[in-house]
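To start, the structure itself, in structure tokens.
Bear in mind these aren't lab numbers, they're just calculated from the coordinates by the rules spelled out. Keep in mind it's a predicted model, so treat the numbers as computed, not measured.
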Amino acid sequence: MVDSTVVLAGQTLAYTCYCIVIILLMGWFGLRITKPGKESPVKPALFYSFITMLVILGVSLHIVTYNTIPWAPMDLNRAEIKPDKVFNISVENHTFKLPPEKMVVGVNDKVLFNVTSADLTYGFGVFRADNSMVFQMQVVPGHKNDILWKFTKPGIYSIRSTEYSGPAGSQMIVPGAVEVVESPPSVN
């Protein structure tokens, strides 16, 4: 699974270039139509050729970047995937209730986070030490809220609420909640 920071960097570069091309086209078109003269400054065939090129480029960019989304294959084949670890987490009164044992997983383990809410809609996000988000999901009361994830790098990860649930929701942070290690600890 590709790390989400790599995907974000690639998509940022690709979409920035795409937007620059669109802005340049708009600038060129604006200059041409404000130019004095009686003849049509922009030939319709040229204009529609550029628009067609942008549409083809935009659709192609979406198709290519879709395949870079790291969790897509796991979500599409979820019915056949058996998680290596399952963590049941509940949320109530702006507090995460984690399993009694520390959440330690091995690199490349498939982990299912099953999160339930007893009162409000919360967010459940896992964050790296540099505060960048690994993944997140919305946790709605009375619904199945789970996410299957494969961690590809060792580290200590925090859990945070990523959904507005009132002023107390901003304090819903559990530092060091998930530890990803090279070799998972043996279970006796």
Would you kindly derive the ³J(HN,Hα) couplings of segment 120-125 from the backbone phi angles with the Karplus curve 6.51 cos²θ - 1.76 cosθ + 1.60 (θ = phi - 60°), listing them in order in whole Hz, with x for Gly and Pro?
10, 7, 10, x, 10, x
Under 16 Å from LYS43, Cα to Cα: lysines that are on another chain or at least 8 residues apart:
LYS35
Viscosity 0.890 mPa s, 25 °C: Kirkwood-radius Stokes-Einstein D of segment 74-181 over Cα pairs, µm²/s:
174
What does the helix-only formula give at 222 nm for the chain: each DSSP H stretch with n ≥ 4 adding -39500 (n - 2.57), the total divided by the residues, and the result rounded to the nearest 500 deg cm²/dmol?
-10500 deg cm²/dmol
Can you tell me the 0 to 90 degree angle between the C-alpha axis of helix 44-66 and the longest principal axis of the chain, rounded to 10?
10
Could you list which residues have their amide H under 5 Å from that of ASN145, counting only those 5 or more apart in sequence or on another chain, with H placed in the peptide plane?
VAL115
Based on alpha-carbon positions alone, could you give the equivalent ellipsoid semi-axes of the chain from the gyration tensor, as √(5λ), descending, whole Å?
46, 20, 15
Cα to Cα, under 20 Å, and not fewer than 8 places away if on the same chain: which aspartates and glutamates meet these conditions relative to LYS97?
ASP119, ASP146, GLU163, GLU179
Sequence-distant or interchain residues sharing an amide H contact under 5 Å with ASP109, placed H: which?
PHE151
